[in-house]
């Protein structure tokens, strides 16, 4: 029983590949929003921090872990945001009102497009549920992407533990 368990665990670890996630932190401040539908921007500047887990800063997002972003009186939560990883030169983080790659008028919604390879921002849009308009800006006062230290994912640690237990049990029976 122990030998098959050890063999299965070792096989699973070897096939799983590098299941390591690093915390990636995006911090930004954007200002200079153009008027929309004759209305001035209700939030200018917009400042935020979004943290996610990924294999690297240029890899697709595995999971969002925190967000600190309030626009026009609305504070965003993790359940409201999503990610679109189009070409490697263009990633989008935004509200999931309709689609991450679009902003919906008269809804709390936003879109932040950036180039993960170069670490440069492209554009920022937002809408408010209270005022007609979609405000856009390309002037980023601050934009940084910081990659933290990679940490093995829990599933990988479980598989390694099973492999070690199987190996220890195998040594006792021989």
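May I ask you to verify whether residue 24 is without any contact (Cβ under 8 Å) to a residue 60 or more places away in the chain and outside any helix (DSSP H, G or I)? For residue 24, the condition - without any contact (Cβ under 8 Å) to a residue 60 or more places away in the chain and outside any helix (DSSP H, G or I) - is not met. For the range 86-105, the condition of being at pLDDT 95 or above and touching a helix residue (DSSP H, G or I) at 6+ places or on another chain (Cβ under 8 Å) holds for at least one residue.
How many residues does the range 27-61 contain that are part of a strand (DSSP E or B) and under 20 Å from residue 76 (Cα atoms)? It would help to see each step written out before you state the result.
Of the residues in the range 27-61, the ones part of a strand (DSSP E or B) are 27-31, 36, 39, 46-54.
From what's left, under 20 Å from residue 76 (Cα atoms): 27-31, 46-53.
Residues in the range 27-61 being part of a strand (DSSP E or B) and under 20 Å from residue 76 (Cα atoms): 13 in total.
On inspection, residue 110 does not qualify as more than 17 Å from the chain's Cα centre (by Cα) and farther than 18 Å from residue 23 by Cβ.
Please find, among 64, 114, the residue that is crowded, with 16+ Cβ neighbours inside 10 Å, in contact (Cβ under 8 Å) with a residue 24 or more places away in the chain, part of a strand (DSSP E or B) and in contact with a strand residue (DSSP E or B) (Cβ under 6 Å, 6 or more places away or on another chain).
Details: 64 fails: in contact (Cβ under 8 Å) with a residue 24 or more places away in the chain.
Just one listed residue meets the conditions, 114.
The values are calculated or read from the model by the stated rules, or taken from the named source; none is laboratory data. The shown structure was predicted, so the numbers you read here are calculated from the model rather than taken from an experiment. Here the Cβ is made from the backbone with ideal geometry for all residues, glycine too, and neighbour counts use every protein chain on show.
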